[in-house]
Amino acid sequence: MIGEVIVVGDLKLRENAPLDEYNRLGERMYDIVSRLPGFLSVKSFKAADGEELTLFRFASEQALEAWRNHPDHVETMKRGHAEFYASGFLQICKVIREVGPFEHA
């Protein structure tokens, strides 16, 4: 969809990150974001070399900003940097062209 916003996340966990708490917070954040208007999807992919990427799709920049500024998300991001993540990056991309959908018989 033209104008859609995609966030590519490549976040690497610390070796000693408490995984149970990390997963619990992840489920809580998904529960919140999935109810926000304009949230489309989130999916994670792991490459053969071990790199894991997460793709978040939002219908607009406004929908992404609503998520980015959600109070629970802001607090969880702070915890993520302080407790869970060793390194990483986020790339915020806007769809400028679309091909398809198409099917092959």
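The values are calculated or read from the model by the stated rules, or taken from the named source; none is laboratory data. As the structure is a prediction and not an experimental result, all values here were calculated from the model. Using ideal geometry, Cβ is built from the backbone for each residue, glycine included, and neighbour counts are taken over all protein chains shown. Remember, those area values only see protein heavy atoms, side chains included, never the ligands or the DNA or RNA. Shrake-Rupley method; radii C 1.70, N 1.55, O 1.52, S 1.80 Å.
Within segment 80-102, residues that are part of a strand (DSSP E or B) sit with their Cβ atoms under 6 Å from residues that are β-branched (Val, Ile, Thr) and modelled with pLDDT of 95 or more, at 6+ positions apart or across chains, in these pairs: LEU90/VAL7; GLN91/VAL8; ILE92/VAL7; CYS93/ILE6; LYS94/VAL5.
Which of the residues that make up segment 71-84 are surrounded by 13 or more Cβ atoms within 10 Å (Cβ to Cβ) and over 14 Å from the mean Cα position of the chain (by Cα)?
At the first step, the residues of segment 71-84 found to be surrounded by 13 or more Cβ atoms within 10 Å (Cβ to Cβ) are 72-73, 76-77, 79-80, 83-84.
Within segment 71-84, ASP72, ARG79, GLU83, PHE84 qualify.
If you take the residues of segment 31-61 that are without any contact (Cβ under 8 Å) to a residue 24 or more places away in the chain and hydroxyl-bearing (Ser, Thr, Tyr), which of them is least open to solvent (accessible area, probe 1.4 Å)?
Narrowing segment 31-61 to residues without any contact (Cβ under 8 Å) to a residue 24 or more places away in the chain: 31, 34-35, 41-50.
Add one more test, that the residue is hydroxyl-bearing (Ser, Thr, Tyr), and what stays is 34, 41, 44.
Values: SER34: 49, SER41: 20, SER44: 67 Å².
Here the answer is SER41.
Take the conditions (1) open to solvent by less than 70 Å² (accessible area, probe 1.4 Å); (2) out of contact with any helix residue (DSSP H, G or I) (no Cβ under 9 Å at 6 or more places or on another chain); (3) in contact (Cβ under 8 Å) with a residue 40 or more places away in the chain; ALA17 misses just one of them, which is (2).
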